[in-house]
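Heads up, the thing below is written out as structure tokens.
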């Protein structure tokens with residue numbers, strides 16, 4: 001529902017979804033069905049997304065195998081430097097973490113994004 005509400009003003013993000021046909025099904029919900037529902041919502045809202053369905057479960061067998069292609073897809077037209085070599089790894093991470101304010105995200109200690 002929330003994704004579809006952004007159709008007139010989608011966020012400038014790329015979404016890569018990877019799932020398996022035998023992903024987990026818990027009290028909180030079925031991950032496979034949730035991702036199958038999320039794909040048309042992303043399409044409707046005109047997000048730049050890609051969805052890859054594998055045959056496995058909740059593991060790295062499929063996701064790990066396609067991880068290099070995933071990164072290539074996400075960064076496909078990025079022309080800048082990924083890491084500022086003049087900064088330490090900690091400084092680069094801090095710069096990246098602080099960019100969440102650009103998107104008005106609130107991240108709590110449980111890694112939930114509001």
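What the table below lists for this structure:
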{"item": "Residue that is surrounded by the most Cβ atoms within 10 Å (Cβ to Cβ), among those in the range 11-28 that are part of a strand (DSSP E or B) and out of contact with any strand residue (DSSP E or B) (no Cβ under 7 Å at 6 or more places or on another chain)", "result": "25"}
{"item": "Those helices (runs of 4 or more DSSP H) lying entirely in the range 29-114 with at least 3 residues outside the structural domain of residue 9 (by TED's automatic domain parsing) and modelled with pLDDT under 60", "result": "89-98"}
{"item": "Residues satisfying the stated conditions in the range 1-22, i.e. more than 28 Å from residue 76 (Cα to Cα) and at pLDDT 90 or above", "result": "22"}
{"item": "Matching residues, the range 39-57, being under 12 Å from residue 23 (Cβ atoms) and surrounded by fewer than 15 Cβ atoms within 10 Å (Cβ to Cβ)", "result": "55"}
{"item": "When residues of the range 42-72 are limited to those that are within 19 Å of residue 5 (Cα to Cα) and touching a residue at least 40 places away in the same chain (Cβ under 8 Å), the one nearest to the chain's Cα centre (by Cα)", "result": "47"}
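The values are calculated or read from the model by the stated rules, or taken from the named source; none is laboratory data. Bear in mind that the values here come from a model prediction, so they are computed numbers and not experimental data. No Cβ is skipped: glycine too gets one built from the backbone with ideal geometry, and neighbour counts run over all protein chains shown.
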